[in-house]
Amino acid sequence: MPIPTAYDLTLPILKMLADGETHHSSVLAGHLAQHLNLTESEVDERTPSGQRRLPKRIDWARWLLKKAVLLEYPKPGFSRITERGLQVLADSPPKIDDAFLSQFEEYQNGQKTETIEADKKVPGDLEEDTPEENLKATYDTIRSRLADEILEVVKNCSASFFEHLVVDVLVGMGYGGSREEAGKAVGGSSDGGIDGIINEDRLGLEVIYIQAKKWDGAVGRPEIQKFAGALAGQKAGKGVFITTSDFTDGAQEYVKTVGTRIILIDGRQLADFMIDYDVGVTTEATYELKRIDIPYFEDQ
């Protein structure tokens, strides 16, 4: 079964705190996993950022309940039910959702924070995902749009500029040493299907041969075969074929069969590398996502 939403977890959590004792979130997670009959793989399900989904949703369910003063945090990571929380349980509500919590003034005030308001404007909302998950989804959407824009611009560049762009990306990834050292790699070779050569490391112990194709149509097997032949003529062991389009299935299957190591980079991968290594892009804003350092408070 899918991991319940933060709102779906509020009532089960409040019931588990009904004994009035203080419980750590990890204990709540264990009890909830049993209560919900979650499998081991479901308990270990991860968010896109690599965090376990169940504990994150428990944290947000606790936060919702705390905003409504139905539970309190006696210390970081721990929860305890309040008198109001006990009164709510005594009324046996069928569920505790946003509409239910909105009856409490404290919750309404807390719910108007910029975090939650922004959360309602991104793919999914707190009904399904936590703000961290929504933030990741929003980031992925923005990055995907940026990659599309980059690729569109690159396709309209000249072939010679594209070849230099390719070298900039490879230098950004750590190949070829400095940009000045790698600048000789493009434009001087053009030897039977090879556009350039770049050192794999700054010592030049091994070189990588480059083919850069600014194409609209998919690159097929014949082009890769020609590149492989050019590499063999140079007794080269490694090559990178980069294009603004993509590769046919035949081309991708072919590189698995040749002795020479050939890496295929399509237009979307190239755009992603440009973003990752700051080629043709600039940082507009940076946001740090932090969490409380619970061990810091444990000895108080």
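Values as computed for the structure displayed
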{"read-out": "Looking only at the stretch 256-300, and only at residues there that are in contact with a Phe, Trp or Tyr (Cβ under 8 Å, 6 or more places away or on another chain) and in a loop (DSSP other than H, G, I, E, B), the one that is farthest from LYS213 (Cα to Cα)", "value": "VAL279"}
{"read-out": "Filter pass, ARG62 being in a helix (DSSP H, G or I) and closer than 23 Å to GLU133 by Cα", "value": "yes"}
{"read-out": "Pairs where the first residue, in the stretch 256-282, is without any contact (Cβ under 8 Å) to a residue 60 or more places away in the chain and the second is among the aromatic types (Phe, Trp, Tyr) and part of a strand (DSSP E or B), C-beta under 9 Å, 6+ apart", "value": "ILE262/PHE241; ILE263/PHE241; LEU264/PHE241; LEU264/PHE247; ILE265/PHE241; ASP266/PHE247"}
{"read-out": "Test: residue in the stretch 243-252 that is out of contact with any Asp or Glu (no Cβ under 8 Å at 6 or more places or on another chain) and assigned to a loop (DSSP other than H, G, I, E, B)", "value": "yes"}
{"read-out": "Boolean, ARG80 is open to solvent by 50 Å² or more (accessible area, probe 1.4 Å) and of a type in the set (D, E, K, R)", "value": "yes"}
{"read-out": "Helices (runs of 4 or more DSSP H) completely within the stretch 1-55 that count 1 or more residues being in contact (Cβ under 8 Å) with a residue 60 or more places away in the chain and either in contact with a strand residue (DSSP E or B) (Cβ under 8 Å, 6 or more places away or on another chain) or over 30 Å from ALA90 (Cβ atoms) (or both)", "value": "6-16"}
{"read-out": "Count of residues meeting criterion [of a type in the set (S, T, N, Q) and in a strand (DSSP E or B)] in the stretch 72-88", "value": "1"}
{"read-out": "Some residue of the stretch 212-229 being under 29 Å from the mean Cα position of the chain (by Cα), among the polar types (S, T, N, Q) and outside any loop (DSSP other than H, G, I, E, B)", "value": "no"}
{"read-out": "Subset of the stretch 8-17 (residues that are over 29 Å from the mean Cα position of the chain (by Cα) and open to solvent by 50 Å² or more (accessible area, probe 1.4 Å))", "value": "LYS15"}
{"read-out": "Counted residues, the stretch 245-300 - those being surrounded by 15 or more Cβ atoms within 10 Å (Cβ to Cβ) and polar (S, T, N, Q)", "value": "5"}
{"read-out": "Number of positions in the stretch 230-242 that are open to solvent by 40 Å² or more (accessible area, probe 1.4 Å) and assigned to a strand (DSSP E or B)", "value": "1"}
{"read-out": "Residue among LYS75, LYS136, LYS66 that is among the basic types (Lys, Arg), under 13 Å from THR10 (Cα atoms) and modelled with pLDDT of 80 or more", "value": "LYS66"}
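The values are calculated or read from the model by the stated rules, or taken from the named source; none is laboratory data. As the structure is a prediction and not an experimental result, all values here were calculated from the model. Every residue, glycine as well, gets a Cβ built from its backbone with ideal geometry; the counts of neighbours run over all protein chains shown. Keep in mind that these areas ignore ligands, DNA and RNA; they rest on the heavy atoms of the full protein, side chains included. Shrake-Rupley method; radii C 1.70, N 1.55, O 1.52, S 1.80 Å.
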